[in-house]
């Protein structure tokens, strides 16, 4: 058997597992959230993705001074993702570390390992990307062109489904190691 055959089968299997997980999550959330808008559900799905991304990323050991240092997930801007993210990660761990969620209004003060950047900040994107250049921060947003311009992960809404693009080069420049399993699930890898 060719190695690519095994890789393709693994990729298809992982996509089915994630699709199953997201379908189940959507059904649970839609049952729980009867009457809420599709936009609210989209924020919740993004919050779950942010939580899951932590499990597939490794940071440089120097990023955590002690084994008890938590992984901080930040939200830059006034995004409703913050509320859903706080609910999603409450009492959860990622990479054997406690997870905390913080809200930031200013990129210069955003001290965290994962940063979701609200789409309303699209005009500030070049300055924000410059602020975090070379720092071990997983930068995530749904700003159009975010991954191509140097962000790490960009959410895209394709036919009502939330998918993501990974800028693997940006992750490596930031000193982050993204699991091949997550790379295989991306809509595309730059």
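The values are calculated or read from the model by the stated rules, or taken from the named source; none is laboratory data. Remember, it's a predicted structure, so these values are computed and weren't measured experimentally. When we count neighbours, we look across all protein chains shown, and the Cβ atoms used for this are built from the backbone with ideal geometry, even at glycine.
Could you tell me how many of the residues in region 69-94 are part of a loop (DSSP other than H, G, I, E, B) and either touching a helix residue (DSSP H, G or I) at 6+ places or on another chain (Cβ under 6 Å) or farther than 25 Å from residue 108 by Cα (or both)?
Total meeting the criteria: 5.
Considering region 95-158, the qualifying strands (runs of 3 or more DSSP E), each wholly inside and each with 2 or more residues that are farther than 20 Å from residue 60 by Cα, run over 97-104, 153-158.
Can you say whether residue 62 is at pLDDT 90 or above, surrounded by 12 or more Cβ atoms within 10 Å (Cβ to Cβ), over 17 Å from the mean Cα position of the chain (by Cα) and farther than 23 Å from residue 183 by Cα, as far as the supplied structure shows? Against the criterion (at pLDDT 90 or above, surrounded by 12 or more Cβ atoms within 10 Å (Cβ to Cβ), over 17 Å from the mean Cα position of the chain (by Cα) and farther than 23 Å from residue 183 by Cα), residue 62 does not qualify.
Being surrounded by 15 or more Cβ atoms within 10 Å (Cβ to Cβ), touching a residue at least 40 places away in the same chain (Cβ under 8 Å) and closer than 19 Å to residue 74 by Cβ narrows it down to one residue among 118, 124; which is it?
The match here is 118.
Filtered by the rule that a residue be surrounded by 15 or more Cβ atoms within 10 Å (Cβ to Cβ), in contact (Cβ under 8 Å) with a residue 60 or more places away in the chain and not in a strand (DSSP E or B), region 172-190 gives 175, 176, 182, 184, 185.
Being modelled with pLDDT of 85 or more and either surrounded by 17 or more Cβ atoms within 10 Å (Cβ to Cβ) or in contact with a strand residue (DSSP E or B) (Cβ under 7 Å, 6 or more places away or on another chain) (or both), is that true of even one residue in region 24-39? There is no residue in region 24-39 that is modelled with pLDDT of 85 or more and either surrounded by 17 or more Cβ atoms within 10 Å (Cβ to Cβ) or in contact with a strand residue (DSSP E or B) (Cβ under 7 Å, 6 or more places away or on another chain) (or both). Against the conditions (1) surrounded by 16 or more Cβ atoms within 10 Å (Cβ to Cβ); (2) over 21 Å from residue 167 (Cα atoms); (3) in contact (Cβ under 8 Å) with a residue 40 or more places away in the chain, residue 97 satisfies every one except (3).
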